[in-house]
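Scroll down for the structure; my scribbles are underneath it.
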Amino acid sequence: MSSPAFGAAEQFIEGTIAAALVALWLLAVALHLARPYMLMLTRKFTLRLGADLWWTIYVGMRDVFLLQVFLGSFIFFYPDVVRADDLPITGGLAAVCAFGALLLKLMTRADADARSFNAQTFLIGIGAGLYLVPYLLGSQVTTVGSSISNQLASILVSSQNPTIALALCYLSAFLVGVMGLVAVAYNIRLASPSPRKAEAVAASQPAAQS
């Protein structure tokens, strides 16, 4: 059995991650919506190298922050953590939205595809709402003590609504698992040569030897 000090330290770390995810979600949304501004700034560079570096740094930061959001949200896939800590009840669904946006970046042309970019915007916006609203109106009002705050906490905080919280935890883990399998299958298909490429390589080998 774990000691009370270890349990308190674990809850402190998980609470810190939950608080940090607020800033990470806000940064992910801000960087995603800043795309038109970043594009405008690239036109002000006199050297093409400077514009390419600026755009590369921006895209890298934007995707890294979104990846950090998903990695930090792994705490919502552990049933014991969800049941014991005062976490936003829809944090797992927010993680699903973040992973969905990352999957779209992988499987489409990302910014070059307008429909994919709009879908990413929708997923990131929904994910941020699913995390920030229950965190600010639920997890952060548990110490207020008023009747309204207690009612909000009983709905939006995972430890006070464990039945729904565990159901959403399992659902979120399942959805992420399915999307993970899709990502793996997509990468395997890209790594394996297509039949047309194999036929072209086979046809070019006798000609090269002759």
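Specify which of the listed residues (137, 130) is modelled with pLDDT under 95, among the aliphatic types (A, V, I, L, M) and under 26 Å from residue 32 (Cβ atoms).
Criteria check complete, one pass: 137.
Against the condition under 15 Å from residue 130 (Cα atoms) and either assigned to a helix (DSSP H, G or I) or touching a helix residue (DSSP H, G or I) at 6+ places or on another chain (Cβ under 9 Å) (or both), how does residue 71 come out, does it pass?
For residue 71, the condition - under 15 Å from residue 130 (Cα atoms) and either assigned to a helix (DSSP H, G or I) or touching a helix residue (DSSP H, G or I) at 6+ places or on another chain (Cβ under 9 Å) (or both) - is not met.
Could you tell me whether segment 139-151 includes any residue that is under 19 Å from the mean Cα position of the chain (by Cα), part of a helix (DSSP H, G or I) and under 16 Å from residue 22 (Cβ atoms)?
No, segment 139-151 contains no residue that is under 19 Å from the mean Cα position of the chain (by Cα), part of a helix (DSSP H, G or I) and under 16 Å from residue 22 (Cβ atoms).
Hey, among 88, 162, which residue is within 23 Å of residue 177 (Cα to Cα), over 18 Å from the mean Cα position of the chain (by Cα) and modelled with pLDDT of 90 or more?
162
Which of (1) hydrophobic (A, V, I, L, M, F, W, C); (2) surrounded by 16 or more Cβ atoms within 10 Å (Cβ to Cβ); (3) farther than 16 Å from residue 111 by Cβ does residue 30 not meet, given it meets every other one?
(2)
Of the residues in segment 33-54, how many are outside any helix (DSSP H, G or I) and either over 27 Å from the mean Cα position of the chain (by Cα) or more than 20 Å from residue 117 (Cα to Cα) (or both)?
Qualifying residue count, segment 33-54: 5.
Might you check whether a residue that is in contact with a helix residue (DSSP H, G or I) (Cβ under 6 Å, 6 or more places away or on another chain), polar (S, T, N, Q) and farther than 17 Å from residue 15 by Cα occurs anywhere in segment 139-152?
Taking every residue of segment 139-152 in turn, at least one turns out to be in contact with a helix residue (DSSP H, G or I) (Cβ under 6 Å, 6 or more places away or on another chain), polar (S, T, N, Q) and farther than 17 Å from residue 15 by Cα.
Which is buried (at least 18 other Cβ atoms within 10 Å of the Cβ) and acidic (Asp, Glu), of 63, 86?
86
Quick check on this structure: which one of 51, 18 is more than 27 Å from residue 82 (Cβ to Cβ), surrounded by 15 or more Cβ atoms within 10 Å (Cβ to Cβ) and among the small types (Gly, Ala, Ser)?
51
Looking at 111, 80, can you tell me which residue is modelled with pLDDT under 95, touching a Lys or Arg at 6+ places or on another chain (Cβ under 9 Å), charged (D, E, K, R) and part of a helix (DSSP H, G or I)?
111
The values are calculated or read from the model by the stated rules, or taken from the named source; none is laboratory data. Everything numeric here is computed off the predicted structure, so don't read it as measured data. Here the Cβ is made from the backbone with ideal geometry for all residues, glycine too, and neighbour counts use every protein chain on show.
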